[in-house]
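Encoded as structure tokens, the structure appears first; notes follow it.
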Amino acid sequence: MDLYQLHRPDPLTDIDETLGALSDFVRAGKVRAVGTSTFPAELQVEAQWAAQRGGHVRPGTEQPPYSVLARGAEAALLPTAQRYGHGVLVWGPLSGGWLSGRIRSAEDIDLSAGRAAVERHKFDVGLPGNARKLAAVRALTEPAGEAGIALRHLATAFVRTHPAVTSVLLGPRTGEQLETLLAGTEVTLSADVLDRIDEIVPPGTNLNPDDFYYTPPALADAALRRR
């Protein structure tokens, strides 16, 4: 296997034990490299420290969600990955379809089908975070239109622009969607367009906090806050 990534942090297992097992895979020739996915910056640092202390193989990649609407990774996660020389494979650049160009109003979201039915808390515009996403999508169509760029191409070009990003995982469902997205691989954004994006969605901001896809146990479990 070329790359084995930990899908999410496991609070019940010491990272030293996990890295020890992954290192055994590497040394046995079964895995070439190891990494993480959706690990907060502090857990990336802990993994590096544990690898050095325990003589384990060091995680060399991080795979976070990142889009114009979910920019939380910019605050600490991406800078931390840069400091350790990680390859960063971002996913969700279209934010679950919000930036595909298909959504312009609440009527364009069918909460009874597809991804919206499974993850209603990320699409129901009756919720404040999703209302903010819809307002941002509407606002982003203006700079995209002025630059002559499809919204989906603006979205993918935006995540490619960050110096920490190594590659972008597109996740199309059909061949047609793939071809449409690949048509925008040469799109670059001017400083003016990037500044407009920053005005609409400030750097380091997740318009809907649920879009990070990982909640630390200390926040999810009340017992851990009241021992």
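Tabulated data for the structure shown
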item	result
Ala136 under 20 Å from the mean Cα position of the chain (by Cα) and of a type in the set (Gly, Ala, Ser)	yes
Single condition Arg196 does not satisfy, out of (1) over 30 Å from Pro59 (Cα atoms); (2) out of contact with any Pro (no Cβ under 7 Å at 6 or more places or on another chain); (3) open to solvent by 40 Å² or more (accessible area, probe 1.4 Å)	(2)
Leu151 modelled with pLDDT under 95 and either under 27 Å from Tyr84 (Cα atoms) or of a type in the set (A, V, I, L, M) (or both)	no
Helices (runs of 4 or more DSSP H) lying entirely in segment 122-227 (those with 3 or more residues that are basic (Lys, Arg))	128-146
Residue in segment 199-219 that is of a type in the set (Asp, Glu) and loosely packed, with under 11 Cβ neighbours inside 10 Å present	yes
Failed condition for Arg104, given (1) over 18 Å from Tyr213 (Cα atoms); (2) in a helix (DSSP H, G or I); (3) not hydroxyl-bearing (Ser, Thr, Tyr)	(2)
Checking Arg8 against (1) among the charged types (D, E, K, R); (2) surrounded by fewer than 15 Cβ atoms within 10 Å (Cβ to Cβ); (3) within 15 Å of the chain's Cα centre (by Cα); (4) under 24 Å from Leu178 (Cα atoms), the condition it does not meet	(4)
Qualifying residue in segment 186-194 (condition: aliphatic (A, V, I, L, M) and touching a residue at least 60 places away in the same chain (Cβ under 8 Å))	no
Long-range neighbours under 6 Å by Cβ, at least six apart or interchain, first residue among the small types (Gly, Ala, Ser) within segment 62-74, second in a strand (DSSP E or B) and surrounded by 24 or more Cβ atoms within 10 Å (Cβ to Cβ)	none
Segment 64-97, residues that are among the aromatic types (Phe, Trp, Tyr) and crowded, with 18+ Cβ neighbours inside 10 Å	Tyr66, Trp91
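Results for (1) touching a residue at least 40 places away in the same chain (Cβ under 8 Å); (2) open to solvent by 10 Å² or more (accessible area, probe 1.4 Å), shown as yes or no for each residue.
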{"site": "Val118", "(1), (2)": "no, yes"}
{"site": "Asp124", "(1), (2)": "no, yes"}
{"site": "Leu127", "(1), (2)": "yes, yes"}
{"site": "Arg132", "(1), (2)": "yes, yes"}
{"site": "Val137", "(1), (2)": "yes, no"}
{"site": "Leu140", "(1), (2)": "yes, no"}
{"site": "Pro143", "(1), (2)": "yes, no"}
{"site": "Gly148", "(1), (2)": "no, yes"}
{"site": "Leu154", "(1), (2)": "yes, no"}
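The values are calculated or read from the model by the stated rules, or taken from the named source; none is laboratory data. Quick caveat: nothing in here was measured; it's all calculated off a predicted structure. A quick note on method: Cβ atoms are made from the backbone with ideal geometry, for glycine too, and the neighbour counts reach across all protein chains shown. These area figures cover heavy atoms from the full protein model, side chains too; ligands, DNA and RNA do not enter into them. Shrake-Rupley method; radii C 1.70, N 1.55, O 1.52, S 1.80 Å.
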